[in-house]
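Contents: one structure, followed by commentary.
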Amino acid sequence: MSFMPQRLVLSRTLFNQALKLNTTRCLSYKVNRIKNEYKGTNSNWNFSYKSVLIASTIVGYVGYGVYKKKRNVYLEDLSSAGKYKENLPKYTMEEVNKHATKETGIWVTYKQGVYDITNFINEHPGGDQILMAAGSSIEPFWLLYGIHKTPQIYKILEEMRIGNISEDETRFVIQDMDDPYSGEPLRHTVLKPASEKPYNAEPPSTLLVEHFLTPNEIFYVRNHLPVPYVDPETYELEIEVDNGTNNIKKTLKLEDLKKLPKHTINATIMCAGNRRSEMNRIKEVKGLSWGQASVGNAQWGGARLSDVLKLVGITDESQGYQHIQFEGLDVNTSNVPYGASIPFLKGTDRRGDVILAYEMNGQVLPRDHGFPIRVVVPGTVGARNVKWLSKIIVTQNESESHWQQFDYKGFSPSTTYDNIDWNSSPAIQELPVISAICKPIENEIVKVDDDGMITVRGYAWSGGGKKIVRVDVTIDGGENWYVAGFDHQEEAVPPHHWAWTLWTVKVPVKNKSGNIEVWAKAVDSSYNTQPESFKNIWNLRGVLNNAYHKIKIQLK
């Protein structure tokens, strides 16, 4: 498989070029081409696209269920979403295109359906992205954000239905759109997808405790966008120092990074939504329904970020900087890259162990995990460990990325999408202490050993470089606790202990048959421990899921 130059990702078709070019210009070109092909056969093609609505923003917010103006439309057959409906007005795409502002009303189309999302936007603004464009089909973008194709979203979208467009116009608008995920890397079949497009998956939890270093092939995958193609021969990393006057810029090639001293660390990376499926049992949250295996531990090799920054004169003693921003080569339909930032001192302090990794477990970094370079920020939430790194910015300002400002933040259980103030909560950096039972699994039939014991195995970890000092397990609701032994724990001293701890405990049972519930909790080196219940840590984004891990099993 050949590689394409960086930034020219997924550009094999016109739709894929929208990831590199300005979306409006690209689709306008497509419409003009279609107009030329069908000139003289359809007078309604005399229109231009002002811009294209980013489908992920629409369906994402629709998916949150915050659109309150219900029209009681019952969608008997979800496969009928977007299909022609009798007794509704008919519109041309030219008419739809005129509704591109709040003043004119914001309309979008899906298949043959026309939808007025004006009130939805007024009640729940999604920032600049949702206002970037309107008057277009969202269908091409559902190729990119297939995660949002759910019955609930189809149903709520139909509640905003106002009319129809002709089948011919729909066919021409989305003609020749290819799947931007067609060039994804192969994945191991053992991975269990939480979503296919973008691809997100975790291994069976039983495999996690078999390896202190999680094999690359079964390490959980968290992608927000299509995996880009990157040619290592043409790869470039841009570094910018924003000093407010004469910004310093420097570009490094992959071989430049490999000439710097290589640093190796063992570090656990965990998604902020790990164990979200358990929080969903309290009250539904919107997000990937992760089990307890969206976490992994690997040996990462690469150049220290502090050494890279010294090349542009930045050290931990440099004044006037508060944040280090990262941007990836994975971009959305408007060419906005995935981005995040970390505190300045975390990145410039050698003891922070932030590295630009090009190796994972002694092998070349896999595509799914950021080839050729990803940031590894040990002790920090996975969302800040930016993959396919393309740019570093040293600045006074936090990243303005959606994933930094409007995602991956924790809120009170009473916060809803009607009263949320995203600015009131800081972006998640260090994660709290957590543990999980990996063997046995939920509802497993467990054979009691001859000595009247059952064996329980799992992992524990704490962010910020803290070390696990104890794991407690109970099968009687906390009346009696049993302290686990550590199967593998590194000797690294806090606050530089980045890897997880694998543990095992044998618990006596009174009866050799019946149903029991097993609980586990961990304690870290700062004596932080896990909350007992998800009820009081529930949050609308379903993050920071570190309550006691509880599973029900049947004894045999």
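Would you tally the net charge around residue 392, using a Cβ to Cβ cut-off of less than 15 Å, leaving residue 392 out, and scoring K and R as +1, D and E as -1?
Working: positive: 249, 250, 253, 304, 310, 346, 374, 384, 387, 391; negative: 236, 238, 240, 242, 256, 307, 327, 398.
Net local charge, residue 392 excluded: +2.
If you consider only alpha-carbon coordinates, what radius of gyration and Dmax does region 354-454 have, in Å?
Rg then Dmax for region 354-454, in Å: 20.0, 63.
For residue 422 and residue 535 in the same chain, what is the full-extension length gain: residue separation times 0.36 nm, less their Cα-Cα distance, in nm?
Result for the pair: 38.5 nm of gain on full extension.
Can you give the extra length, in nm with one decimal, that the chain gains between residue 247 and residue 196 once fully stretched, where that is 0.36 nm per residue apart less the Cα-Cα distance? Don't skip to the end; give the middle numbers.
Values: separation 51, 0.36 × 51 = 18.36 nm, distance 4.06 nm.
Contour length minus the Cα-Cα distance gives 14.3 nm.
Per residue, how large is the accessible surface of region 391-449? Use a 1.4 angstrom probe and give square angstrom.
Working: 2680 Å² over 59 residues.
Value for region 391-449: 45 Å² per residue.
Quick one: pull the percent of accessible area on region 398-556 belonging to carbon and sulfur, 1.4 Å probe, ligands and nucleic acids left out.
Details: 3480 of 7180 Å².
Within region 398-556, the accessible surface is 48 percent carbon and sulfur.
Non-local amide H neighbours of residue 555 (under 5 Å, H modeled in plane, Pro and chain starts lacking H): which ones?
Under 5 Å from the amide H of residue 555 lie the amide H atoms of 446, 514, 515, 516, each far enough along the sequence or on another chain.
What number do you get for region 175-277 when its Cα radius of gyration is normalised by 2.2 N^0.38 Å, N = residues?
Values: Rg = 18.6 Å, N = 103, 2.2 N^0.38 = 12.8 Å.
After normalising by residue count via 2.2 N^0.38 Å, the value is 1.45.
How large is the charge dipole for region 171-288, taken about the Cα centre, if only the Cβ atoms of Lys, Arg (+1) and Asp, Glu (-1) carry charge, to the nearest 20 debye? Let's see the in-between values first.
Working: 16 positive and 18 negative charges, 115 e Å.
I would put it at about 560 debye.
At what distance in nm do the modelled label points of residue 363 and residue 447 sit from each other, each positioned 7 Å from its Cα along Cα→Cβ?
Simple spin-label model gives 3.3 nm for this pair.
Mind listing the long-range amide H neighbours of residue 386? Cut-off is under 5 Å, sequence gap 5 or more, other chains count too, H placed in the peptide plane at 1.01 Å from N.
375
Per-residue HN-Hα couplings for region 233-248, Karplus 6.51 cos²θ - 1.76 cosθ + 1.60 at θ = phi - 60°, whole Hz, x for Gly and Pro?
6, 10, 4, 9, 10, 9, 10, 10, 10, 8, 9, x, 10, 9, 4, 9
Can you work out D for region 230-342 in µm² s⁻¹ from Stokes-Einstein, where Rh is the Kirkwood radius over C-alpha pairs, the temperature is 10 °C and the viscosity is 1.306 mPa s? Walk me through the numbers before you get to the answer.
Numbers: Rh = 17.5 Å.
The diffusion coefficient I find is 91 µm²/s.
Full extension from residue 496 to residue 213: what is 0.36 nm times the residue separation minus their Cα-Cα distance, to one decimal in nm?
Length gained, residue 496 through residue 213: 100.1 nm.
Between residue 517 and residue 236, what FRET efficiency comes out of the Förster formula 1/(1 + (r/R0)^6) with R0 = 45 Å and r the beta carbon distance, rounded to 0.05?
On the way: r = 54 Å, r/R0 = 1.19.
After rounding, the FRET efficiency stands at 0.25.
Using only the Cα atoms of region 323-402, construct the convex hull and provide its projected area averaged over every direction, in square nanometres to one decimal.
Working: hull surface 21.9 nm².
If you wrap the Cα atoms of region 323-402 in a convex hull and average its projections, you get 5.5 nm².
Report, to one decimal in Å, the Kirkwood hydrodynamic radius for region 269-395 based on all distinct Cα pairs. Spell out each step's value before the answer.
Values: mean 1/r = 0.0637 Å⁻¹.
The answer is 15.7 Å.
Considering only protein heavy atoms, what per residue accessible area in square angstrom results for region 261-356 with a 1.4 angstrom probe? Let's see the in-between values first.
Numbers: 3110 Å² over 96 residues.
Each residue of region 261-356 exposes 32 Å² on average to a 1.4 Å probe.
With +1 on the Cβ of every Lys and Arg and -1 on the Cβ of every Asp and Glu, and nothing else charged, how large is the dipole of region 209-348 about its Cα centre, in debye rounded to the nearest 20?
460 debye
When only DSSP loop residues count, what trypsin sites (Lys or Arg not before Pro) in region 384-480 have their Cβ near at most 16 other Cβ atoms within 10 Å? Working shown, then result.
Working: sites: 384, 387, 391, 409, 447, 457, 466, 467, 470; in loops: 387, 447, 466, 467.
Passing both the DSSP loop test and the Cβ count: 447.
List, in order, the whole-Hz ³J(HN,Hα) value for each residue of region 260-275 obtained from phi through the Karplus relation with A = 6.51, B = -1.76, C = 1.60 and θ = phi - 60°; use x for Gly and Pro.
6, x, 7, 10, 10, 9, 9, 9, 8, 10, 9, 6, 4, x, 3, 6
Run through region 471-556 and list the GluC sites (Glu not before Pro) located in a DSSP loop whose Cβ has at most 16 other Cβ atoms within 10 Å. Please report the intermediate quantities before stating the final value.
Numbers: sites: 479, 490, 491, 517, 532; in loops: 479, 490, 491, 532.
Filter output for region 471-556: 479, 490, 491, 532.
Over all Cα pairs of region 465-556, how is the pair count split among 10 Å bins, expressed in % and running from 0 up to the last occupied bin?
Calculated over all Cα pairs of region 465-556, the distribution is 15, 39, 32, 12, 1 percent.
Quick one: grab Rg to one decimal and Dmax as a whole number for region 386-508, Cα atoms only, in Å.
Using the Cα atoms of region 386-508, the pair Rg, Dmax is 20.1, 63 Å.
The values are calculated or read from the model by the stated rules, or taken from the named source; none is laboratory data. Note that the structure is predicted; figures quoted are calculated from it, not measured. Every residue, glycine as well, gets a Cβ built from its backbone with ideal geometry; the counts of neighbours run over all protein chains shown. With ligands, DNA and RNA removed, areas are computed over all heavy atoms of the protein, side chains included. Shrake-Rupley method; radii C 1.70, N 1.55, O 1.52, S 1.80 Å.
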